[in-house]
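Engineer: Sending over a structure as structure tokens; questions will come in a sec.
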Amino acid sequence: MVRRVAVVGAGVSGLAATKCCLEEGLEPTCFEQSEDIGGLWRYTEQAEEGRASIYRTVFTNSCKEMMCYSDFPFPDDHPNYMHNARLQHYICKYAKHFDLLRHIRFKTLVTKVKKRPDFSVTGQWEVVTQRDGKEETAVFDAVMVCSGHHVYPNLPLAEFPGIQKFKGCYFHSREYKEPEKFRGKKVLVVGLGNSGCDIAVELSTVASQVYLSSRSGSWVMSRVWDNGYPWDMLIITRFRTWLGNILPRALSDWLYVRGMNRFFKHENFGLMPLNKTSRKEPVFNDDLPGRIACGVVVMKPNVKEFRETSVLFQDGTVQDDVDVVVFATGYGYSYPFMEDDSIIKSRDNQVTLYKGILPPRLEKPTMAVIGLVQSLGPIIPTADLQCRWAVKVFQGRWIGMYGNSTTLQTDYITYMDELASAIGVKPNVLKLLLTDPQLALEVLFGPCSPYQFRLMGPGKWSGARKAILTQWDRTLR
């Protein structure tokens, strides 16, 4: 029987894990190496070792109705997209509301997680922690890994010939905090993800010139969509997902590309993804097309070679007098506390988990990795539902699910419904049509907001119906 659960990390996933354990009558102990909760969203002036790091001006890409915890809406007066400080404030309110802080051990680093000798019988783990230089070992019945994946920068310098000769300064985007010290400089940003685009746009207000280099292009979306409504409330709906699944692939791809090009033609801006129909996560940036149109950000292909003060690109063009290079080249997955790294990682450093949560090669399903899946949906409700699912698995409510493992990229609603079905919390639209047609129509055609997974079944929340029927009011407010 699982009773004691170790939770690694007190970010948005770790808090959800702690709360889910408490709701199911388990005893969670959450270990957090810093002195506060919030993980990625807690801004610090310097990047801290072993912790995610954000720049001062990070805003959310998901709107408040789509990204909240499923039983804890944002206050009415909050804007639809939030600055990191405001989101951090919400996270603190959530922790306080559900009385989670007393289960968290701050300034405590998890240094080792290993199977106990009798693991195949008990499924228990030995967790070694360090605080104030003192080491402590404890035994837990299950472990929830909530340490995130924006911690260990991926800086593939070997892929950039000549970088050692380059006389300017270069660093990973993890080190970037604010633009002022780059005033008047020529800056090259490598990488067309969310960080690369944000940093390029922000630097373009102070730098003499910004170049943005991309290997494969990307779809760039605005947070503000049709009629000024948040993109995700219009796009992430059950009806659209159903339509996308039944339409022929060619038609679905054509509609997708057409939708992505509705505000500007990516080809004309040098942004077109090499694989046009790739559904990989788009980039959210309201200002990039305008900055390119004004010439203060210039799009460039992949870097071929660095020279002392210049950069040669794949198309043969050379850019002289480059002062600074920011590598926005993403992050790698690392679990330095796992004694047996292969439990979570498989060949080629890939992470492969059943339902994006359970390491597939365990004799007992008593470890869950939370918050690793990537979809077009928000991370908070995804982590919340993953935790609810994982805790049920720990308790042996339903097993018999060991089969193929799924990789990390997934369709948001399809994935959420899979987890929700397994634990009996997926909204039954047909039943609702008969009993509550107004709600049924909002669930089917409206945004697939997190409250939908609190309408019925275990963990049902009495405020879910009202939250769904008033979500547009809060958005307009």
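The values are calculated or read from the model by the stated rules, or taken from the named source; none is laboratory data. Since this is a predicted model, take the numbers as computed values, not measurements. Here the Cβ positions follow ideal geometry from the backbone for every residue, glycine too, while neighbour counts run over all protein chains shown. For accessibility, only protein heavy atoms count, side chains too; no ligands or nucleic acids. Shrake-Rupley method; radii C 1.70, N 1.55, O 1.52, S 1.80 Å.
Engineer: So, in nm, how far is label D473 from label H150 when the simple model puts each one 7 Å beyond its Cα toward the Cβ?
Structural biologist: 3.3 nm
Engineer: Run the dipole for the chain about the Cα centre, Lys and Arg Cβ at +1, Asp and Glu Cβ at -1, nothing else charged, and hand back the magnitude in debye, nearest 20.
Structural biologist: Dipole of the chain, to the nearest 20 debye: 620 debye.
Engineer: Sort 33-43, 443-453, 216-226 by the packing proxy (mean of other Cβ within 10 Å over each peptide's residues), most packed first.
Structural biologist: 443-453, 33-43, 216-226
Engineer: Convert each backbone phi in segment 20-37 into a coupling constant with the Karplus relation 6.51 cos²θ - 1.76 cosθ + 1.60 (shift: θ = phi - 60°), then list the ³J(HN,Hα) values in order as whole Hz, x for Gly and Pro.
Structural biologist: Along segment 20-37, the couplings run 4, 4, 4, 4, 9, x, 8, 10, x, 10, 9, 9, 10, 6, 8, 9, 8, 7 Hz.
Engineer: On to the next question. Specify which labelled value, from (1) 1.01; (2) 1.08; (3) 0.89, agrees with Cα Rg over 2.2 N^0.38 Å derived from the coordinates of the model shown.
Structural biologist: (1)
Engineer: Is there a pair in K19/K280; K19/K392; K280/K426; K64/K345; K93/K355; K177/K304 whose C-alpha atoms are over 22 Å apart, and which pairs would that be?
Structural biologist: K19/K280; K280/K426; K64/K345; K93/K355; K177/K304
Engineer: So for the chain, taking the charge dipole from beta-carbon charges (+1 Lys/Arg, -1 Asp/Glu), which of P458, P156, C20 sits furthest toward the positive end?
Structural biologist: P458
Engineer: Here is a follow-up. Give me a comma-separated list of calculated 3J(HN,Hα) values for segment 266-274, in order, Karplus coefficients 6.51, -1.76, 1.60 applied at θ = phi - 60°, integers in Hz, x for any Gly or Pro.
Structural biologist: Coupling constants for segment 266-274: 4, 4, 5, 9, x, 10, 3, x, 4 Hz.
Engineer: Pull up all non-local amide H partners of G162: gap of 5 or more, or a different chain, and H-to-H distance under 5 Å with H placed in the peptide plane.
Structural biologist: Close amide H contacts, sequence-distant or interchain: F306.
Engineer: Right, another one. Would you mind telling me the share, in percent, of accessible area of the chain contributed by carbon and sulfur at probe 1.4 angstrom?
Structural biologist: 50 percent
Engineer: Right, here's the next one. Can you list the residues, at least 5 places off or on another chain, whose amide H is less than 5 Å from the amide H of I54, using H built in the peptide plane?
Structural biologist: T44
Engineer: Something else: Residues of the chain: accessible area per residue at 1.4 Å, in Å²?
Structural biologist: 44 Å²
Engineer: Which value at 222 nm does the chain reach when only helices count, each DSSP H run of 4 or more adding -39,500 (n - 2.57), with the total divided by all residues and rounded to the nearest 500 deg cm²/dmol?
Structural biologist: -7500 deg cm²/dmol
Engineer: Could you tell me the relative contact order of the chain? Use alpha-carbon pairs under 8 Å, at least six residues apart, and round to a whole percent.
Structural biologist: Normalised by residue count, the contact order of the chain is 20 percent.
Engineer: Compute the signed sum of charges (Lys and Arg +1, Asp and Glu -1) over the other residues within less than 12 Å, Cβ to Cβ, of D286.
Structural biologist: For residues surrounding D286, the net value is 0.
Engineer: Under the rule that a partner needs its Cβ under 4.7 Å from the first Cβ, which Cys of the chain have none?
Structural biologist: C21, C30, C63, C68, C92, C146, C169, C197, C294, C448 - these cysteines have no disulfide-compatible partner (Cβ-Cβ under 4.7 Å) in the chain.
Engineer: Just how far, in whole angstrom, is segment 367-391 from segment 83-125 if you go by their alpha carbon centroids?
Structural biologist: Distance between centres, Cα-based: 14 Å.
Engineer: Not counting ligands, DNA or RNA, and with a 1.4 Å probe, what is W125's accessible surface area in Å² rounded to the nearest 10?
Structural biologist: Counting only protein heavy atoms, W125 exposes about 0 Å² to solvent.
Engineer: Along segment 245-258, what does the Karplus equation 6.51 cos²θ - 1.76 cosθ + 1.60 (θ = phi - 60°) give for ³J(HN,Hα), rounded to whole Hz, x for Gly and Pro?
Structural biologist: 7, 9, 6, x, 3, 4, 5, 4, 5, 4, 5, 5, 4, 4
Engineer: Pull up all non-local amide H partners of M338: gap of 5 or more, or a different chain, and H-to-H distance under 5 Å with H placed in the peptide plane.
Structural biologist: Placed amide hydrogens put V113 under 5 Å from M338.
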